[in-house]
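Structure, as structure tokens:
The values are calculated or read from the model by the stated rules, or taken from the named source; none is laboratory data. Bear in mind the structure is a predicted one, so any value in this text is a computation, not a measurement. Cβ atoms come from the backbone with ideal geometry, glycine included; neighbour counts cover every protein chain shown. Note: accessible area is taken over every heavy atom of the protein model, side chains too, but ligands, DNA and RNA are not part of it. Shrake-Rupley method; radii C 1.70, N 1.55, O 1.52, S 1.80 Å.
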Amino acid sequence: MTAGELASDNTAMRTPVALAIVGVLLACPAAAQPRQSAEMQRLGEFIRSPAHLEQVRAALQAFEPAVFLAECAEVRPTRGVRWQPLQEPAFDAGAPAPKTALWQETWEVSTCGKTGLRSLSFEARAGQGLIPRPMFPGESLADVRDQLDAGTVALSDIAPGVLPCNERGRIQVINSMVTNRGDAARTRWSERWTVAGCNRRAEIDVDFTRSPQGRTSFEFRNRARR
């Protein structure tokens, strides 16, 4: 259900919806980050607010891969797993939402009784509001910027050949799993991405390396396994 649909509910429906939101928010853990600036604390409070949960619900529904929506039309967040700040936020005085910020969130979701993980990122821009962006379903350790860089190559160059599928614009990553967590500092790790398109599925293996300067490189190790 989208935020607009929730807003149109009648008064009799608002109480159970509000209670459900509170329950999910209580299950959402606070961020674990080294910095505890006042602005970062405000961002954490905003992320745990009922208003933001409405945004999460709508975005997860909009970003759900088509192959999953064909099996179940509703994606419902049930528990916040983690959130990760990627940019120091800035707020206008008295405003609950950040003026500028970039962060990502991972949620446990229910799709017709099945449990899974979904991630998404949010970017706040001055004068543009809050912009949600999709991330890969599953347990990927790559942040939204790494997923954008590596995912662009995977979907445009690798996946069309291994599926095979010429409908490049309709190919989606439908799952991600970590196959090698590498070192404790998470400067090296490997993942397997499941891609879907043209009624086919395939798996792509990718290795990530993060430099001390924070730059991430990637390499697709094998073509795929169907």
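At-a-glance table
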{"quantity": "Evaluation of residue 133 against (1) within 26 Å of residue 215 (Cα to Cα); (2) free of Cβ contacts under 8 Å to residues at least 40 places away in the same chain; (3) open to solvent by 60 Å² or more (accessible area, probe 1.4 Å); (4) assigned to a loop (DSSP other than H, G, I, E, B) (one fails), failing number", "calculated": "(4)"}
{"quantity": "Cross-chain or 6+ apart pairs with Cβ under 6 Å, the range 73-87 first and farther than 21 Å from residue 102 by Cα and open to solvent by less than 70 Å² (accessible area, probe 1.4 Å), then part of a strand (DSSP E or B) and of a type outside the set (Asp, Glu)", "calculated": "75/109; 75/111; 78/110"}
{"quantity": "Verdict on residue 68 being open to solvent by 60 Å² or more (accessible area, probe 1.4 Å), modelled with pLDDT of 95 or more, closer than 22 Å to residue 148 by Cα and hydrophobic (A, V, I, L, M, F, W, C)", "calculated": "no"}
{"quantity": "Residue under evaluation residue 35, criteria (1) at pLDDT below 90; (2) among the charged types (D, E, K, R); (3) under 16 Å from the mean Cα position of the chain (by Cα), criterion not met", "calculated": "(3)"}
{"quantity": "Number of positions in the range 212-221 that are in a loop (DSSP other than H, G, I, E, B) and open to solvent by less than 60 Å² (accessible area, probe 1.4 Å)", "calculated": "1"}
